[in-house]
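Sharing a structure with you now.
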Amino acid sequence: MVACKGRTLGFTHRDETPTGSERAVLVGLFPEGTRLTDDLLDELSELAESAGAEVIGRVVQKRRTPHPATCVGKGKLEEIRQLADVSDADLVIFDVELSPSQIREIERQTERRVIDRSELILDIFASRARTAEARLQVELAQLEYTAPRLRGMWTHLERIAGAGGGTGAGSVGAIGTRGPGERQIEIDRRLVGKRVAFLKEQIAEIDQRKVREARARRDYFTAALVGYTNAGKSTLMNTLTGAGTHAEDRLFATLDTLTRRWDLGNGRYLLLSDTVGFIRDLPPHLIASFRATLESAIHADVLLHVADVSSPHVEEQIEAVGRVLDSLGVADRQTLLLLNKVDQVEDDAFLPLFRDAYPEALLISARTGEGLDGLHAAIDELIRGEQRNLTLSISAGDGRALNFLERFADIIERRYEDGRAILKVGIADRVLDHLHGISRDVRHAE
Ligand SMILES: Nc1nc2c(ncn2[C@@H]2O[C@H](COP(=O)(O)OP(=O)(O)OP(=O)(O)O)[C@@H](O)[C@H]2O)c(=O)[nH]1
Ligand SMILES: [Mg+2]
């Protein structure tokens, strides 16, 4: 509940009024035929709580297509309004994306502030961003997503405030005191435009730095942890590298990338990066502006896709992560699926089912260490790859290249001629590529 203390949920740019925790009604829209079970809005509820809201009610509707003006139908909207009235709610959170005009209309009819799932996620990111880089990226995503919604918000909220509408703290009062009106909106729009341009410049600079850093790492193999939020990526990072990074049982515990050396225990090591978790329907603006943070994942040789096998939604989560990887353009990257938290699976009968469904996956526990020997072996094999025999000639003084070769290729024969090492090796194409990146003076010999 402390996450958004001092800020108003989802309204970093619309309303800066400090409030305590806000009382929220959750609304979900599901296709006809969906079985209405209690857990339908569980993830949204966790997100809302992560952002510091108190969830006081849930409303679901089955509809084939969203109502163009209000997303849910008229009767549902009235139900939401009544529920918000009796439970003294400040806020209505929709599990789907709403257009600016839908937000405006729903707010008018419910007399409550309304945010959608994307705004909620952006808000959580805003409250968690620690590094300067993450802050810039979140701010840009927020401005791009929220700015188009500003005009409607202010004009009609002014009307609500004028009519004495609205209820909870910070819902409309502060917006009224900000003096919205056409002129104010125009000024703010110009400021938003300027700020967006400035942020883009700053982020471009960071991008360039990241590319330089990635180049500097070329003589390492890199692996990146990716996966649904709360799957156990940071915990695995800690277990594998002793990184001491922050792991916690809440959504989006990690926002910044951390890279550490990961020893495979046979003289070989690689660099492992932990990064932000994914979630279904991650706002596209957020993916776009987080590209730099995700750069280490985008350029990694191997992706370790961590999934929480103890979650009843593990299959959907694996698919959602697949979609994000797709949108990042890395869907065909070499990926190892890790079904984590096996220690938490209560019914052992499930495990063979997972083995069948994901035959390539490894069952592991980042907490107990179960299955990690298998992970080491699998990574070692992946990195060294499919080998072919070649003869290479390298300057005998090139310690960096020779060391690398000893680690990641099999040296079959070695002799020295005229200050050069002539090596017959079993080597994978990828290792050879890296070797050329490390040294310009690697020659193919007979
Ligand atoms: N029982 C069990 N719990 C685990 C395991 N791995 C992680 N957890 C718990 O799951 C929760 C989330 O772990 P994190 O490592 O923070 O997850 P993450 O994937 O980094 O999450 P984000 O940073 O939010 O994307 C924590 O409470 C961990 O202690 C495991 O193997 N077994
Ligand atoms: Mg994490």
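Hey, which of the strands (runs of 3 or more DSSP E) in the stretch 375-435, taking only ones fully inside, have at least 2 residues that are touching an Asp or Glu at 6+ places or on another chain (Cβ under 8 Å) and surrounded by fewer than 18 Cβ atoms within 10 Å (Cβ to Cβ)?
Working: elements: 387-395, 410-417, 420-428.
Ranges flagged: 387-395, 420-428.
What residue, among those in the stretch 214-228 that are surrounded by 15 or more Cβ atoms within 10 Å (Cβ to Cβ) and among the small types (Gly, Ala, Ser), is modelled with the lowest pLDDT?
Going through the qualifying residues, I end up with ALA214.
Here are the criteria: (1) free of Cβ contacts under 8 Å to residues at least 60 places away in the same chain; (2) closer than 20 Å to THR254 by Cβ; (3) out of contact with any Lys or Arg (no Cβ under 9 Å at 6 or more places or on another chain). Tell me which single one SER310 does not satisfy.
(3)
Now for a different question. Counting only residues that are in contact with a helix residue (DSSP H, G or I) (Cβ under 7 Å, 6 or more places away or on another chain) and more than 10 Å from ligand 2 (Cβ to nearest atom), which one in the stretch 267-277 is farthest from VAL302 (Cα to Cα)? Working first, answer last.
First pass over the stretch 267-277, keeping only residues in contact with a helix residue (DSSP H, G or I) (Cβ under 7 Å, 6 or more places away or on another chain): 267-268, 270, 272-275, 277.
Retained after the next criterion (residues that are more than 10 Å from ligand 2 (Cβ to nearest atom)): 267-268, 270, 272-273.
Values: GLY267: 19, ARG268: 15, LEU270: 10, LEU272: 10, SER273: 11 Å.
Among those that are in contact with a helix residue (DSSP H, G or I) (Cβ under 7 Å, 6 or more places away or on another chain) and more than 10 Å from ligand 2 (Cβ to nearest atom), it is GLY267.
Looking for something modelled with pLDDT under 50 and either under 24 Å from SER101 (Cβ atoms) or hydroxyl-bearing (Ser, Thr, Tyr) (or both) - is there at least one such residue anywhere in the stretch 181-189?
yes
Would you confirm whether or not the stretch 53-71 contains a residue that is closer than 22 Å to ASP249 by Cβ and either assigned by TED's automatic domain parsing to the domain that holds ASP281 or crowded, with 22+ Cβ neighbours inside 10 Å (or both)?
Scanning the stretch 53-71 turns up at least one residue that is closer than 22 Å to ASP249 by Cβ and either assigned by TED's automatic domain parsing to the domain that holds ASP281 or crowded, with 22+ Cβ neighbours inside 10 Å (or both).
Would a scan of the stretch 243-265 turn up a residue that is within 19 Å of THR131 (Cβ to Cβ), among the small types (Gly, Ala, Ser), at pLDDT below 85 and within 8 Å of ligand 1 (Cβ to nearest atom)?
yes
Condition first: of a type in the set (Ser, Thr, Tyr) and surrounded by fewer than 17 Cβ atoms within 10 Å (Cβ to Cβ). Now tell me which residues in the stretch 280-309 satisfy that.
Across the stretch 280-309, there are no qualifying residues.
Considering every residue within the stretch 285-297, establish whether at least one is touching a Leu at 6+ places or on another chain (Cβ under 9 Å), within 15 Å of ligand 2 (Cβ to nearest atom) and not hydrophobic (A, V, I, L, M, F, W, C).
Yes - at least one qualifying residue is present in the stretch 285-297.
Counting only residues that are surrounded by fewer than 21 Cβ atoms within 10 Å (Cβ to Cβ) and of a type in the set (A, V, I, L, M, F, W, C), which one in the stretch 253-266 is nearest to ligand 2 (Cβ to nearest atom)?
Looking at residues that are surrounded by fewer than 21 Cβ atoms within 10 Å (Cβ to Cβ) and of a type in the set (A, V, I, L, M, F, W, C), I get ALA253.
Please find, among SER296, SER234, SER273, SER289, the residue that is among the polar types (S, T, N, Q), more than 16 Å from ligand 1 (Cβ to nearest atom) and touching a residue at least 40 places away in the same chain (Cβ under 8 Å).
SER289
Go through the stretch 26-80 and give me each residue that's in a helix (DSSP H, G or I) and among the aliphatic types (A, V, I, L, M).
Correct list: LEU40, LEU41, LEU44, LEU47, ALA48, LEU77, ILE80.
Would you mind finding the one in LEU98, LEU83, LEU122 that is surrounded by 21 or more Cβ atoms within 10 Å (Cβ to Cβ), under 24 Å from THR65 (Cα atoms) and touching a residue at least 24 places away in the same chain (Cβ under 8 Å)? Steps first, answer last, please.
Details: LEU83 fails: surrounded by 21 or more Cβ atoms within 10 Å (Cβ to Cβ); LEU122 fails: under 24 Å from THR65 (Cα atoms).
The conditions single out LEU98.
Find all pairs meeting these conditions: Cβ atoms under 9 angstrom apart; at least six residues apart or on different chains; first residue within the stretch 356-374 and touching a residue at least 40 places away in the same chain (Cβ under 8 Å); second residue assigned to a loop (DSSP other than H, G, I, E, B) and polar (S, T, N, Q).
These pairs meet every condition: LEU372/SER365.
Next question, about the same structure. Out of (1) modelled with pLDDT under 85; (2) within 16 Å of ligand 2 (Cβ to nearest atom); (3) hydrophobic (A, V, I, L, M, F, W, C), what's the single condition that is false for VAL211?
(2)
The values are calculated or read from the model by the stated rules, or taken from the named source; none is laboratory data. Just so we're clear, the structure is a prediction, and the values are computed from it rather than from any experiment. Here the Cβ is made from the backbone with ideal geometry for all residues, glycine too, and neighbour counts use every protein chain on show.
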